[in-house]
Amino acid sequence: MSSPPTRGRPRRTGHPGRSARKTRATPKGRQVTEEARAEVRALLGDGAPRRDLLIEYLHLIQDRHNCLSAAHLAALAEAMKLSMTEVYEVASFYAHFDIVMEGEDPPPAQTIRVCDSIACQLAGAEELLRAVRDGAPNARVLRAPCMGRCEHAPVAALGKHHVCAADAERVLAALKSGRAEAEMPDYAGFDTYRKAGGYRLLGECIGGKRDAESVMAALDAAGLRGLGGAGFPAGRKWRIVRGYDAPRLMAVNADEGEPGTFKDRFYLESDPHRFIEGMLIAAWAAGCEKTYLYVRDEYPAVREILRAELERAREAGLAAHTELHLRRGAGAYICGEESAMIESIEGKRGLPRNRPPFVAEVGLFGRPTLEHNVETLFWVRDIVEKGAEWFAGAGRRGRSGLRSFSVSGRVKNPGVKLADAGISLRELIDEHCGGMPDGHTLKAYLPGGASGGILPASLADAPLDFDTLQEHGCFIGSAAVVVFSQHDNMREVALNLMKFFEDESCGQCTPCRAGTEKAVKLMSKPKWDTELLGELSEVMADASICGLGQAAGNPINCVLKYFPEDL
């Protein structure tokens, strides 16, 4: 009798001359070595890894091994139950992660980063780069974007150690000594702050002596607006978030990466608890169950200060109403944008979100989120304790309030200058910066960092504040003022700023990704195609998703409008 027919595909019975298919000894994909698995597990510690901590885990590996090897990335992906692609795309997004795949050499043990953003460029960054490369042939010498120390330009970094007002001799000496840790500034710690009356206001808030509405009313009366650049009224923002259903969260932006900006670093390195108290009051008033602080990777001393001082606040029972989390950036200017920062806190690439919905409604982990920068929260205690009029009473030319100006470039005394809102650039230089250096006369200035545009000396009497510079094609933003003299060419300044935007574009939208790259090529030519650059600037402004692309054309427009003689 014949055998019954089989159903489906007939079985292969072999074929003369054809070998049987071999079974794979291992699954497809990159294999995880026991050594890498053990090393990653030791760094992650006990407990199940969390998806939102992916960037923190990448930092742990980078700090320990000086790079992110393919073996460690594969082991991390396995531990987190993620695909290798998902881990790699996050790691490769951030500039401070060094990824080394199979067959590639790891980076040298010593890396020197030299800032080439505009303030350092004025102070001789190019000469410093050449001299350091000549003097340290075995070290890796890299260009780096603004490190937030523009008042001490030029600046170089060796690991977590910064060499300010750097020259080649000092950088090479630091390299030879092996210095790689951050220098801790002298700041007012918990005990000093509390002895001076600190946390009394917070105690009244959480103790029931004050209600949230009275605190928000004080901010309204003072006219406190978001001092990270957007200028949204602080009290109104608290009410909006408070009006949504719980759970509500808070995200604090300490990732100031705008070239020329360093005011938040200044306040955190000198009086951190004034900021912490303002933050804790905001979390109480808006009903935020968890608070996340996102700090620039370029600010290692700030991270150490906050790690220690937040713990002091917890131990004193001052943060029982909100769970505090400290998160570390990884070298991405775009993460200063609020929604990109939120994506990064969630352990993802820092890609800005489309709006609506807005962060106040659908923010961190999909919950209503109160987002603030450091300086805004720094003023909360003083405004409530001293009265709204103390803050609102300052100001010139009909403007109200105080502004912290980060001043760098061609001035005798750069630094953070607390001045009246509405002060002019000329007054700021003369009254707070000791004037221009000898042999320099004012030619131009950035009123709001790289994205705020470039204004000529003929507009040095314009009031510096929100909503006062738009008619000139500029804005104050975070009040990062960079001053230029007759020795500076505005065409070269604009090119430096555009190269920064090109490097820092997240690449999500074509107008910004392709537009900044095309602009750099056009601006690098001996003669500008002014018509094409003008059209390119317009497209970036109209079609980019976030403020980076929307403002990237401002330097072009200002050079065409105010400095045609430099073309």
With (1) open to solvent by 50 Å² or more (accessible area, probe 1.4 Å); (2) assigned to a helix (DSSP H, G or I); (3) closer than 21 Å to L318 by Cβ; (4) not polar (S, T, N, Q) as the list, and K209 as the residue in question, which single condition is left unmet? (2)
Working only within the stretch 430-458, note down all residues that are open to solvent by 10 Å² or more (accessible area, probe 1.4 Å) and under 24 Å from A392 (Cα atoms). D430, E431, H432
Can you say whether M184 is touching a Gly at 6+ places or on another chain (Cβ under 7 Å), of a type outside the set (G, A, S) and closer than 29 Å to R307 by Cα, as far as the supplied structure shows? no
Output the number of the condition that D245 fails; it satisfies all remaining conditions of (1) surrounded by fewer than 24 Cβ atoms within 10 Å (Cβ to Cβ); (2) assigned to a helix (DSSP H, G or I). (2)
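Per-residue answers, yes or no, for (1) closer than 24 Å to S478 by Cα; (2) acidic (D, E); (3) more than 26 Å from the chain's Cα centre (by Cα); (4) modelled with pLDDT under 95:
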position	(1), (2), (3), (4)
L533	no, no, yes, no
S537	yes, no, no, no
P555	yes, no, no, no
L567	no, no, yes, yes
Within the stretch 317-359, take every residue that is open to solvent by 40 Å² or more (accessible area, probe 1.4 Å) and touching a strand residue (DSSP E or B) at 6+ places or on another chain (Cβ under 9 Å) and give me the one that is nearest to L268 (Cα to Cα). L326
Collect the residues in the stretch 472-486 that are on the phi > 0 side of the Ramachandran plot and among the aliphatic types (A, V, I, L, M), keeping them in residue-number order. A479
Give me the pairs: first residue in the stretch 296-313 and open to solvent by 10 Å² or more (accessible area, probe 1.4 Å), second residue among the aromatic types (F, W, Y), beta-carbon distance under 9 Å, and six or more apart or on different chains, which are they? D297/Y94; A308/F190; E309/Y187; E309/F190; E309/Y193; R312/F190
Count of residues meeting criterion [small (G, A, S) and part of a strand (DSSP E or B)] in the stretch 136-161: 3
Failed condition for A251, given (1) touching a His at 6+ places or on another chain (Cβ under 9 Å); (2) crowded, with 23+ Cβ neighbours inside 10 Å; (3) assigned to a helix (DSSP H, G or I): (3)
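Conditions (1) aliphatic (A, V, I, L, M); (2) within 24 Å of the chain's Cα centre (by Cα), marked per residue:
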| site | (1), (2) |
| --- | --- |
| G452 | no, yes |
| P456 | no, no |
| R491 | no, no |
| L497 | yes, yes |
| E502 | no, yes |
| K525 | no, no |
| I545 | yes, yes |
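To keep it simple, each residue is scored yes or no on (1) among the aromatic types (F, W, Y); (2) open to solvent by less than 20 Å² (accessible area, probe 1.4 Å); (3) touching a Ser or Thr at 6+ places or on another chain (Cβ under 6 Å); (4) at pLDDT below 95.
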{"site": "A48", "(1), (2), (3), (4)": "no, no, no, yes"}
{"site": "I55", "(1), (2), (3), (4)": "no, yes, no, no"}
{"site": "L58", "(1), (2), (3), (4)": "no, yes, no, no"}
{"site": "R64", "(1), (2), (3), (4)": "no, no, no, no"}
{"site": "A71", "(1), (2), (3), (4)": "no, no, yes, no"}
{"site": "E78", "(1), (2), (3), (4)": "no, no, no, no"}
{"site": "Y88", "(1), (2), (3), (4)": "yes, no, no, no"}
{"site": "A91", "(1), (2), (3), (4)": "no, yes, no, no"}
{"site": "V100", "(1), (2), (3), (4)": "no, yes, yes, no"}
Just a yes or no: is a residue in the stretch 116-139 open to solvent by 40 Å² or more (accessible area, probe 1.4 Å), touching a Lys or Arg at 6+ places or on another chain (Cβ under 9 Å) and among the charged types (D, E, K, R)? no
Just a yes or no: is a residue in the stretch 342-364 closer than 24 Å to S83 by Cβ and among the polar types (S, T, N, Q)? yes
Look through the stretch 510-548, keep the residues that are closer than 15 Å to R491 by Cα and not in a helix (DSSP H, G or I), and return whichever of them is least open to solvent (accessible area, probe 1.4 Å). W528
Give the number of residues within the stretch 274-290 that are surrounded by fewer than 24 Cβ atoms within 10 Å (Cβ to Cβ), out of contact with any Cys (no Cβ under 7 Å at 6 or more places or on another chain) and within 17 Å of T376 (Cα to Cα). 1
Can you name the number of the only condition in (1) outside any strand (DSSP E or B); (2) more than 21 Å from I55 (Cα to Cα); (3) among the aromatic types (F, W, Y) that F365 fails? (2)
Of the numbered conditions (1) aliphatic (A, V, I, L, M); (2) assigned to a helix (DSSP H, G or I); (3) open to solvent by less than 10 Å² (accessible area, probe 1.4 Å), L370 satisfies every one except a single condition; which is it? (2)
Out of G422, G434, G448, G415, which single residue is out of contact with any helix residue (DSSP H, G or I) (no Cβ under 7 Å at 6 or more places or on another chain), farther than 25 Å from T516 by Cα and in contact (Cβ under 8 Å) with a residue 40 or more places away in the chain? G422
Any chance the stretch 2-14 includes a residue that's modelled with pLDDT of 50 or more and either more than 30 Å from A332 (Cα to Cα) or open to solvent by 100 Å² or more (accessible area, probe 1.4 Å) (or both)? no
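Across the stretch 229-238, what is the number of residues that are assigned to a helix (DSSP H, G or I) and either surrounded by 17 or more Cβ atoms within 10 Å (Cβ to Cβ) or in contact (Cβ under 8 Å) with a residue 60 or more places away in the chain (or both)?
4
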Sole miss for A283 among (1) out of contact with any Ser or Thr (no Cβ under 7 Å at 6 or more places or on another chain); (2) assigned to a helix (DSSP H, G or I); (3) farther than 30 Å from H161 by Cβ is condition (1)
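The values are calculated or read from the model by the stated rules, or taken from the named source; none is laboratory data. Given the structure is predicted, the values throughout are model-derived calculations rather than measurements. Every residue, glycine among them, receives a Cβ derived from its backbone with ideal geometry; neighbour counts consider all protein chains shown. Just the protein is used for accessible areas: all its heavy atoms, side chains included, with ligands, DNA and RNA removed. Shrake-Rupley method; radii C 1.70, N 1.55, O 1.52, S 1.80 Å.
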